[in-house]
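Notes follow the structure.
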Amino acid sequence: MVPQICVLFGPSPAGSAYLPSLTDVVIMVEGKASLYVGSPRMVEMAIGEKTTLEELGGALMHCKVSGCGDVLARSDEDAIELARRYLTYMPQSHRELPPPREAAPPKAGRSIDEIVPYDQRKYFDMYEVIDRLIDAGSWFEIKRLFAQEIIVGFARLAGRSIGIVANQPKVKGGVLMVDSADKAARFIWLCNAFNIPLVYLADIAGFMVGTKVEQQGIIRHGAKMIFATSQATVPKLSVIVRKCYGAGLYAMCGPAFEPDAAIALPQGQIAIMGPEPAINAVYYNKIMELPEDERAEYVRQKREEYARDVDTYKLASEMLIDDIVPGAALRDELIKRLEYAQTKVHEFPPRRNGIYPV
C-alpha cells in the first residue's frame, strides 16, 4: 500500500532474514550487511559445510548471486542517500501518482542511430540507448549486479517517473534466463503497484533453451514475467529496438499485449525466430534432399523471403506496430506517447487483492 524499503547495515539472521525480503527494495552495505537463515557455525554443525559469513550471506553475494539484495551501497551514508533517491520516484501511497520533477535533457553522446546496428548478430550496449532517452542523472538501477542480461530501473522522462525494462545484448545476447525473468517480473509488479509507467526496450532472441534451464524452471519463471506484463494496468510503451523473437515478444510487451504504444526503430524485427534458425527448422528435410552444390543458394533465397515477411515496414502497414521512428526521434516520441497514455483511463489503483503475486 505504501513504498517499503529495507536499508541493511549489519547482520539479519534466521527469522529476521525474511523481513528484508518482504520489502520492495533491499539496500545492503558492502562488507557489513548480511542475510542468512543459518550462521556459518550452524551450517557446519547441520550439514558439515565450512563457509564464511560473506560467502554464505554477504551483501555482495546477495546482490550478485541470489538476487535478495537490490542495491549495493559503499557505506552507511551512501545507503541512506540511495534510500532517499529511491523515494523520489515513488508516490506516498498506491492511491497517488509519482511526483513530477523538473525536466532535463538526456546525456550527451552518440545517437541511437549510431549505437544500434542493423546486423542482428552484433551486440551493442543498451545502457547507451537508455542514456539517450532519459533525463540526464535520473537513472536508478535495481539489481545491477544480478542477472545482467536484463536491465531494470527507475528514471525520468521529461520529469516523469518511469520504470525501464530492457534487454542487454552485451550480456548473453540479452536472452531471458530463469533469474532475469524473475528479476523483471518483480520489478514490473513494483511499478504497477505504485502507478509508475513502464517502458520496454526490446532486443531479445527469446527465452534460453536447453536441459539446464528447463530443469531450473524457465517455463515457470518465464510465465511469471509474461503474467506480470499482461496484468500491468499502468501505461506501457513497447519499443522494438532491434529484434524481438518468440516468447520474448510477449515478455517484452509486444503488440499482442496491447501496450499503449508499440514503436519500432527501422532496425526492428518481429518474428518467431531469426532467419537462420527459422529456415533450418522449416526446410531442413528439403535442404538435405538437394544436391550439396544447390543448398547454399536455396537457403539464401528462403532467408530473403523470410526477411521480407518480417520487414518492419510491412508490419507497420498491417498495423501490428503503431509507428516506426528513427533513433534520433525516439525520446520525443516516447514523451508524446506517455503524455497521451496518462490521459487515458487505467484501472486505479492497480492492485490485486492488496498483495503482490508470488
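Miscellaneous remarks
- Residue within the stretch 168-176 that is surrounded by 21 or more Cβ atoms within 10 Å (Cβ to Cβ), touching a Ser or Thr at 6+ places or on another chain (Cβ under 7 Å) and part of a loop (DSSP other than H, G, I, E, B) present: no
- Residue ID - farthest from R160 (Cα to Cα), chosen from residues in the stretch 227-260 that are over 13 Å from the mean Cα position of the chain (by Cα) and hydroxyl-bearing (S, T, Y): Y245
- Each residue in the stretch 31-66 was checked for being closer than 23 Å to D179 by Cα and either touching a Cys at 6+ places or on another chain (Cβ under 8 Å) or in a loop (DSSP other than H, G, I, E, B) (or both), and 4 pass.
- So L72, is it among the hydrophobic types (A, V, I, L, M, F, W, C) and touching a Phe, Trp or Tyr at 6+ places or on another chain (Cβ under 9 Å): no
- Here I151 qualifies as among the β-branched types (V, I, T), in the same structural domain as L249 (by TED's automatic domain parsing), at pLDDT 95 or above and not in a helix (DSSP H, G or I).
- Every pair of residues 6+ apart whose Cβ atoms lie under 8 Å, when the first sits in the stretch 275-291 and is among the hydroxyl-bearing types (S, T, Y) while the second is surrounded by 14 or more Cβ atoms within 10 Å (Cβ to Cβ): Y283/Y298; Y283/V299; Y283/K302
- Test: residue in the stretch 74-82 that is surrounded by 13 or more Cβ atoms within 10 Å (Cβ to Cβ), at pLDDT 95 or above and under 23 Å from the mean Cα position of the chain (by Cα): yes
- Checked against the criterion of being closer than 22 Å to A228 by Cβ, of a type in the set (D, E) and buried (at least 17 other Cβ atoms within 10 Å of the Cβ), the stretch 147-161 contains one or more residues that satisfy it.
- Top-ranked residue of the stretch 48-65 - restricted to ones that are aliphatic (A, V, I, L, M) and within 25 Å of the chain's Cα centre (by Cα), ranked as surrounded by the fewest Cβ atoms within 10 Å (Cβ to Cβ): V65
Residue by residue, here is whether (1) outside the structural domain of A202 (by TED's automatic domain parsing); (2) over 30 Å from E114 (Cβ atoms); (3) surrounded by fewer than 24 Cβ atoms within 10 Å (Cβ to Cβ); (4) not β-branched (V, I, T) holds:
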site	(1), (2), (3), (4)
E214	no, yes, yes, yes
I218	no, yes, yes, no
A223	no, yes, yes, yes
F227	no, yes, yes, yes
Q231	no, yes, yes, yes
V234	no, yes, yes, no
I240	no, no, no, no
C244	no, no, no, yes
M252	no, no, no, yes
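- Selection of first residues in the stretch 80-105 that are of a type in the set (D, E) and of second residues that are surrounded by 13 or more Cβ atoms within 10 Å (Cβ to Cβ), restricted to Cβ pairs under 6 Å at least 6 apart or on distinct chains, gives the following pairs, ordered by first then second residue: E102/G159.
- Single condition M28 does not satisfy, out of (1) within 22 Å of the chain's Cα centre (by Cα); (2) assigned to a helix (DSSP H, G or I): (2)
- Candidates S34, S66, S39, filtered to the one that is among the polar types (S, T, N, Q), touching a helix residue (DSSP H, G or I) at 6+ places or on another chain (Cβ under 7 Å) and not assigned by TED's automatic domain parsing to the domain that holds I130: S34
- Filter pass, D260 being in contact with a strand residue (DSSP E or B) (Cβ under 6 Å, 6 or more places away or on another chain) and under 27 Å from R186 (Cβ atoms): yes
The values are calculated or read from the model by the stated rules, or taken from the named source; none is laboratory data. Keep in mind the model is a prediction, meaning the values are calculated, not measured. Methodologically, a virtual Cβ is constructed for each residue, glycine included, from the backbone with ideal geometry; neighbour enumeration extends over all protein chains shown.
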